[in-house]
């Protein structure tokens, strides 16, 4: 069963304790990982997700991953961290190396969803990205934490230098497309939908 | 009868008014800050005193509460907007009255990065502390930094980045300064959410500044060391 977005944002999910390799992932990636697991029959992979809201304070991610590795490592043959750098300034990768666990490559999920090489080649630094999860959770991750629900006048201080919102669609979902378009309008940005599927995520997990 | 919440700024004495302005700044009340600034000026306060005692002191409280997790980015931005409005009134007057100048800073966000909220806050607080600030904006290649430093005869270079992918560009700038034999002529301060002290050291900056208040204090410390060095030399 797929957990609710609210659960994935606020509290994360614990492992099912089935499988010999544990994925420690961001809650924002749970649906995609569970879908890949089911589609490919990757029963050797177990999944625990940390609350996606840690993205609002990236400094929490490294410590939370460290704690999760310590908590679970004795129960599994291996651990794989499904976080990109996610604003930790290289801190998460350094910690994973210290802990002797591997992690997925890339600066952000929206980089590996597109494919890290393709994403880097675009040099699209005036784009603001949303994934399926972030479209669904736009208010929880963008609108409210930035105070735009209370102070819409701050919008251009945050987004004045951006030009477009790119919705990287992991799935074909007209409702999400419409919502993402509305998100772009609320931020005063032009809109582009780009279907990415799961990008580098599938190949990274298939190697485990 | 006036509501208890209604405070008539012009009826407060100087001390009460300054404290009220600290509160208003904290609450991001732009109109009230503009009014308070005008009242103090009308009462004969120097622009420098209004800036430091009412605005900078108020913004320092905001900065401390942000650091302690009591205030968050939206509230800080509202406070900054209010302070900016007050400073817009004071700036021309400060230029006329010859307020003390502590030093000159060139500040900008690095190439490939368009984020400027932190940079703008640092620039504003540096101005409030008496620094002349030349803001070269966002997405700056190394050439922009070098040209601005030379053109402005600055004391300090401030570089900002919000992305893990763009922060290494700060090293490109510092290495270019070294190649040109100009690194030692400037104090280099770096900041931005994904940075830390270790990174600042690794790229050869003089200091990493975790927030605007730290940037101001660090800049002041380095400027005073520079003056001491010059005096001793």
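No lab work stands behind these numbers, since they all come straight from the coordinates. Worth saying up front: this structure is predicted, and the values here are computed from it rather than measured. Methodologically, a virtual Cβ is constructed for each residue, glycine included, from the backbone with ideal geometry; neighbour enumeration extends over all protein chains shown.
A few comments on the model shown:
- Qualifying helices (runs of 4 or more DSSP H) (wholly inside segment B:50-149; at least 1 residues being in contact with a strand residue (DSSP E or B) (Cβ under 9 Å, 6 or more places away or on another chain), touching a residue at least 40 places away in the same chain (Cβ under 8 Å) and away from every other protein chain (no Cβ under 14 Å)): B:117-128
- Test: residue in segment A:61-80 that is away from chain B (no Cβ under 14 Å), in contact (Cβ under 8 Å) with a residue 24 or more places away in the chain and under 16 Å from the mean Cα position of the chain (by Cα): yes
- The combined condition, being under 12 Å from the mean Cα position of the chain (by Cα) and either closer than 15 Å to residue A:84 by Cα or surrounded by 18 or more Cβ atoms within 10 Å (Cβ to Cβ) (or both), is fulfilled by residue A:50.
- Residue within segment B:190-205 that is outside any loop (DSSP other than H, G, I, E, B), more than 14 Å from chain A (Cβ to nearest Cβ), in contact with a strand residue (DSSP E or B) (Cβ under 7 Å, 6 or more places away or on another chain) and under 27 Å from residue B:76 (Cβ atoms) present: no
- Hits in segment A:104-147 - residues which are free of Cβ contacts under 8 Å to residues at least 60 places away in the same chain, crowded, with 18+ Cβ neighbours inside 10 Å and either closer than 16 Å to residue A:24 by Cβ or more than 14 Å from chain B (Cβ to nearest Cβ) (or both): A:130, A:135, A:138
- Meets criteria (outside any loop (DSSP other than H, G, I, E, B), out of contact with any helix residue (DSSP H, G or I) (no Cβ under 8 Å at 6 or more places or on another chain) and farther than 23 Å from residue B:130 by Cβ) for residue B:16: yes
- Residues being away from every other protein chain (no Cβ under 11 Å), touching a residue at least 12 places away in the same chain (Cβ under 8 Å) and in a helix (DSSP H, G or I) - total across segment A:157-177: 2
- Scan of segment A:81-103 for residues that are more than 14 Å from every other protein chain (Cβ to nearest Cβ), assigned to a loop (DSSP other than H, G, I, E, B) and surrounded by 15 or more Cβ atoms within 10 Å (Cβ to Cβ), ordered by number: A:101
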